[in-house]
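Contents: one structure, followed by commentary.
The values are calculated or read from the model by the stated rules, or taken from the named source; none is laboratory data. Values in this document were obtained by computation on a predicted structure and should not be read as measured data. Virtual Cβ from ideal backbone geometry, glycine too; neighbours counted across all protein chains shown. Please note that ligands, DNA and RNA were not included when accessible areas were found on the heavy atoms of the full protein model with its side chains. Shrake-Rupley method; radii C 1.70, N 1.55, O 1.52, S 1.80 Å.
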Amino acid sequence: MTGLAKDAAKRILDKVDGPARVGMVLGSGLGALADEVENAQRFPYQSLPGFPVSSVSSHASELVVGSLMGVQVAILAGRAHYYEHGDATVMKQPLATLKALGCDQVLLTNAAGSLREDIAPGELMLIDDHINWSGRSPLIGVESDDRFVGLTEAYDASIRADLAKAAEAADVALKSGVYAWFSGPNFETPAEIRAARILGADAVGMSTVPEVILARWMGLRVAAISTITNFGAGMTGNELSHEETKEMGPVGAQKLIGVIRAYLKAMAD
Ligand code: HPA
């Protein structure tokens, strides 16, 4: 673990009620979850060493630490993306800080386009595997053998089972599938979407995969859920837009917040 993350964690732990158990990264439209944290201490990314500042209009940028449903959590409200600077390691310090705060697991969330007719905008998809279409790895340049991270079980089976139970308890439909990472920031072409479907992807998005790789490298257990904001390019007659992502994000976000609350409640019981 990096010294920077340890320094940040020490400063944070001085101000909060205790170590965190669950880390989260919130994508588009999910900021509302961070507002529900009790006894919250908020740390703007600018105040934390090695933290990026996101330039995406729908993303706040603060680390929120406190209690949610009786579980101590550390929430990265706002992420930086590969497409902002071409740096796949951009979330390395924030994730290392979650680990230094005591988290042994991270729940990653994102907005994504669906490639499946049976997963509509406004629904959720639990990610059970991914395709790294970008060809980039955040571990390029790491100089020890721990860079050869196995990703056979990147998405923790036991957390996925618990999230499925939580979705049932929250009465939210939770389908699962494969997420393909396209670098963005442009949306995909219809031909790329057709190709991704043939290759076995169920959703596409511009984030999360580098975070999964980094988190697994750090030994964190990982789960990830997409809020579906649109169908992939060419699947309907409409052009895609960031406005649509921002507009539809909150619909799935409300459901996702319900699932996460139920997940944490079961953990606290
Ligand atoms: N493609 C890539 N990223 C996305 C999409 C999409 O269709 N929707 C939301 N994020």
Scanning region 229-240 for residues that are in contact (Cβ under 8 Å) with a residue 40 or more places away in the chain and either β-branched (V, I, T) or more than 8 Å from the ligand (Cβ to nearest atom) (or both) gives T229, G234, M235
Within region 5-42, of all residues that are open to solvent by 20 Å² or more (accessible area, probe 1.4 Å) and touching a helix residue (DSSP H, G or I) at 6+ places or on another chain (Cβ under 6 Å), the one nearest to the ligand (Cβ to nearest atom) is G29
Might you check whether a residue that is open to solvent by less than 40 Å² (accessible area, probe 1.4 Å), more than 9 Å from the ligand (Cβ to nearest atom), under 16 Å from the mean Cα position of the chain (by Cα) and not aliphatic (A, V, I, L, M) occurs anywhere in region 245-253?
yes
Counting only residues that are among the small types (G, A, S) and within 14 Å of the ligand (Cβ to nearest atom), give me the helices (runs of 4 or more DSSP H) lying completely in region 149-228 with at least 1 of them.
190-199
Qualifying residue in region 255-266 (condition: more than 19 Å from the chain's Cα centre (by Cα) and at pLDDT 85 or above):
yes
Within region 89-112, residues within 16 Å of the ligand (Cβ to nearest atom) and of a type in the set (A, V, I, L, M) come out as L108, A111, A112
Take the residues in region 89-121 that are within 20 Å of A253 (Cβ to Cβ) and in contact with a Ser or Thr (Cβ under 8 Å, 6 or more places away or on another chain); name whichever of them is surrounded by the fewest Cβ atoms within 10 Å (Cβ to Cβ).
A120
